[in-house]
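Trainee: I have a structure I would like to understand better, so I am pasting it below and will then ask my questions one at a time.
The values are calculated or read from the model by the stated rules, or taken from the named source; none is laboratory data. The shown structure was predicted, so the numbers you read here are calculated from the model rather than taken from an experiment. So basically every Cβ, Gly included, is an ideal-geometry build from the backbone, and we count neighbours across all protein chains shown.
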Amino acid sequence: MSDCLFCKIVRREIPANVLFEDDRLFAFEDINPQAPLHALVIPKAHIATLNDVTSKDDALLGEMLRRAALLARERGYADRGFRTVFNANRDAGQTVFHIHLHLLAGRSLHWPPG
Ligand code: AMP
Ligand code: ZN
């Protein structure tokens, strides 16, 4: 999608600290990190919110979660713990309308979230 911030990051039109890329996924550091490790795992294909996901995306979503766990492991947080979050629409505070899986690790995270 031409005017989507995260599509622009995938196309390298906007810089990001890239952590992983394959033919379907892209992962990069969040610009406003909320933990020592705060990464965003996104599909290269534009999907606006979790409400727009269909059954054809099941494998893609699985890959996103598995990739987040692998990134956490690479940084040494697998045993200590980490959090993965999708925000969807207004009440959850979604600000970028290209689905992204937040990966947070490196500090004790509160529950329930605010
Ligand atoms: P959400 O509130 O779930 O939509 O999360 C959007 C996330 O994107 C926020 O954590 C922002 O800090 C992050 N973000 C916004 N712009 C950029 C950018 N140019 N590079 C990296 N992360 C960004
Ligand atoms: Zn997009």
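Trainee: Take the residues in the stretch 85-114 that are in a strand (DSSP E or B) and surrounded by 17 or more Cβ atoms within 10 Å (Cβ to Cβ), then tell me which one is farthest from ligand 1 (Cβ to nearest atom).
Mentor: Checked the stretch 85-114; the qualifying residue farthest from ligand 1 (Cβ to nearest atom) is Ala105.
Trainee: Right, something else. Could you tell me whether Arg12 is more than 16 Å from ligand 2 (Cβ to nearest atom) and either at positive phi or charged (D, E, K, R) (or both)?
Mentor: Against the criterion (more than 16 Å from ligand 2 (Cβ to nearest atom) and either at positive phi or charged (D, E, K, R) (or both)), Arg12 does not qualify.
Residue by residue, here is whether (1) more than 11 Å from ligand 1 (Cβ to nearest atom); (2) part of a strand (DSSP E or B); (3) among the acidic types (Asp, Glu) holds:
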position	(1), (2), (3)
Met1	yes, no, no
Ala16	no, no, no
Phe20	yes, yes, no
Val41	yes, yes, no
Asn51	yes, no, no
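Trainee: Given the condition modelled with pLDDT of 95 or more and assigned to a loop (DSSP other than H, G, I, E, B), answer yes or no: does some residue in the stretch 56-71 qualify?
Mentor: Scanning the stretch 56-71, I find no residue that is modelled with pLDDT of 95 or more and assigned to a loop (DSSP other than H, G, I, E, B), so the answer is no.
Trainee: Pull up the stretch 77-103, narrow it to residues that are within 16 Å of Leu60 (Cα to Cα) and among the hydrophobic types (A, V, I, L, M, F, W, C), then point me to the one that is farthest from ligand 2 (Cβ to nearest atom).
Mentor: Val85
Trainee: Among the residues that make up the stretch 39-56, is at least one of them within 22 Å of Gly81 (Cα to Cα), out of contact with any helix residue (DSSP H, G or I) (no Cβ under 7 Å at 6 or more places or on another chain) and surrounded by 13 or more Cβ atoms within 10 Å (Cβ to Cβ)?
Mentor: Yes, that holds for at least one residue.
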